[in-house]
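Okay, so here's the structure we're looking at.
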Amino acid sequence: METSTETPIFDERRDQIHRTGETPFAIACNRDSLAGAVSQRACVFCGARVVLYPIADALHLVHGPIGCAAYTWDIRGALSSGPELHRLSFSTDLQEKDVIFGGEKKLHLALTELIDRHKPKAAFVYSTCIVGIIGDDLGAVCRRVAEEKGVPVLPVASEGFKGNKREGYYAACKAMFDLTGTGDTAGIPKLSINILGDFNLAGEIWIVREYFKRMGVTVVANVTGDGRVDDLRRSHGASLNVVQCSGATIELAKLMQEAYGIPFSRVSYFGIEDMAEALYSVARFFEKDDPEIMERTKTLVREEFAVMYPQLTQYRRDLEGKKAAIYVGGAFKAFSLVKAFRHLGMKTVLVGSQTGTEEDYRELAAVTDPGTIIVDDSNPLELSAFLQEKEVDIFVGGVKERPIAHKLGVGFCDHNHERKEALEGFVGMVNFAREVHASVMSPVWRFTPRRIQIASSGSQS
Ligand code: SF4
């Protein structure tokens with residue numbers, strides 16, 4: 001039964017919502033969030049922080065009030081196979097006096113002390129809102145400390161107020177780009193890639209690296225999950241940049257293409273077809289150098305599929321016909337999720353993202369069923385109303401979407417920073433199916449207020 005909930009949408013946001021098939025495709029996106037609409041987006045600084053944070057042997061110093069650092073402390077839970085310096089959160093803790101007289105001295109002192117104590121391979125220094133207002137010269141302090149200490153010190157121009165999360169991604173890419181081209185590329189083989197846009201949540205980059213290893217491809221740098229400064233410095237020696245996620249690291253790939261002539265391909269490691277296509281695209285790229293790589297890749301996919309398929313079939317039996325909603329940071333991940341739900345016999349009725357482009361949404365409109373709501377830069381009020389209108393069984397999102405689902409009595413699957421289950425790769429598809437099944441089929445939802453309301457109104461009609 002469809003409820004007749006009136007969806008509260010601000011007039012200024014109506015053109016950022018599209019319903020597949022109801023009107024010719026049109027959606028406004030890639031613009032500043034509407035003031036007062038309480039966007040799900042984070043600030044520029046947070047965008048930069050999430051991208052750079054998994055570089056495990058770098059020092060990450062937040063120049064600003066303590067709150068900016070506290071709010072992004074260990075934000076992705078990105079795993080490291082070695083050093084764990086990234087998991088510590090450092091801040092210059094700017095106070096009123098520093099705002100009046102300037103915080104450069106304090107920054108110099110903090111940087112010097114932290115570099116002496118932790119001996120990092122490089123340091124990233126993040127600007128926050130207040131630094132943009134008082135005008136501390138981050139670049140000058142970073143240059144001075146780099147000379148004094150003999151390690152790269154990179155300013156990240158991420159003043160929180162100067163745009164949306166996307167600008168933060170760009171600031172992070174710019175800082176990483178300054179590191180590339182400074183290391184020795186000797187010994188890097190022809191069949192080599194950099195993995196961009198994977199943050200090693202729950203060890204996912206290790207799964208993907210293992211696939212590439214079985215194909216005979218060397219990974220030079222992880223950007224940035226389980227990342228290392230020295231790998232980044234020699235990453236310009238790789239033959240191909242393989243980029244996941246539409247927003248976070250694409251600018252680095254573009255900068256590297258311009259500077260070093262390294263081509264890039266966009267992939268997704270989520271779901272069956274997209275994971276397989278990610279491997280096949282790399283195999284196709286190297287086929288002229290290694291004619292047997294495609295055969296090895298096909299064997300790998302066949303072997304993984306044989307293990308995965310019987311398990312998916314079991315979950316599909318219960319999940320057939322259930323409804324899913326998706327709200328993620330970058331729209332690229334949403335394509336894979338729509339396909340993954342289809343494999344489980346489920347229908348996607350709502351899909352949106354914080355930073356999608358018109359091209360992304362056009363593609364979503366093409367792969368979703370009539371009536372599916374496509375939304376750009378949504379907010380809790382809209383999302384809540386859409387979830388109720390569509391009577392979804394599971395909501396896939398991140399830390400800010402979780403309470404919306406829980407308050408409405410809807411199953412939830414964390415597909416963002418906080419997840420502890422690997423969802424990438426073929427094994428990740430099975431984990432995803434298991435998690436969706438456990439959540440959707442849980443008997444607890446029968447006792448939540450929304451379900452009780454729907455059940456009782458259904459029995460009256
Ligand atoms: S940078 Fe600005 S918007 Fe971002 S957390 Fe700090 S104060 Fe808040």
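Readers should treat all values here as calculations from the given coordinates under stated rules, not as data from a laboratory. All of these numbers come straight from a predicted model, not from anything done at the bench. Neighbour counts are summed over all protein chains in view; Cβ atoms, including those assigned to glycine, are modelled from backbone coordinates with ideal geometry.
General remarks:
- Proxy reagent accessibility, fewest Cβ within 10 Å first, across Leu312, Leu350, Leu196, Leu88: Leu88, Leu312, Leu350, Leu196
- Convex hull of alpha carbon positions in the stretch 91-182: directionally averaged projected area 6.0 nm².
- Set Lys339/Lys400; Lys339/Lys407; Lys288/Lys347; Lys165/Lys323; Lys119/Lys288 screened for pairs whose C-alpha atoms are more than 32 Å apart: Lys288/Lys347; Lys119/Lys288
- Ignoring the sites themselves, the chain has its longest run without trypsin sites (Lys or Arg not before Pro) in a DSSP loop having at most 15 other Cβ atoms within 10 Å at 32-189.
- The stretch 192-305, relative contact order [Cα under 8 Å, separation at least 6], %: 25 percent
- Listed from fewest to most Cβ neighbours within 10 Å, the set Thr20, Thr348, Thr313 follows the order Thr313, Thr20, Thr348.
- Near Gly64, once Lys and Arg are set to +1 and Asp and Glu to -1 for all other residues with Cβ below 12 Å from its Cβ, the sum equals -2.
- For the stretch 312-391 versus the stretch 54-118, the inter-centroid distance based on Cα atoms is 37 Å.
- The calculated FRET efficiency for the pair Ala366 and Ile188, based on their C-beta separation and a Förster distance of 51 Å, comes to about 0.85.
- Of the GluC sites (Glu not before Pro) in the stretch 290-328, the ones in a loop by DSSP (not H, G, I, E or B) with at most 12 other beta carbons within 10 Å are Glu292, Glu320.
- Sum of side-chain charges, Val229 neighbourhood, beta-carbon under 11 Å (Lys, Arg +1; Asp, Glu -1): +1
- Size descriptors for the chain, from the alpha-carbon set: Rg then Dmax equal 23.0, 77 Å.
- Summed side-chain charge close to Ala171 - residues other than Ala171 whose Cβ falls under 11 Å, Lys, Arg +1, Asp, Glu -1: +2
- C-alpha long axis of helix 165-179 to longest principal axis of the chain, angle in °: 40 degrees
- Ellipticity at 222 nm from helices only: DSSP H runs of n ≥ 4 in the chain, each -39500 (n - 2.57), divided by the residue count, give -14000 deg cm²/dmol.
- Ordering Glu287, Glu258, Glu159, Glu277 by the number of other Cβ atoms within 10 Å of each residue's own Cβ, fewest first, gives Glu258, Glu287, Glu277, Glu159.
- Among beta bridges identified by DSSP and lying wholly in the chain, the antiparallel ones come to about 10 percent.
- C-alpha long axis of helix 449-460 to longest principal axis of the chain, angle in °: 20 degrees
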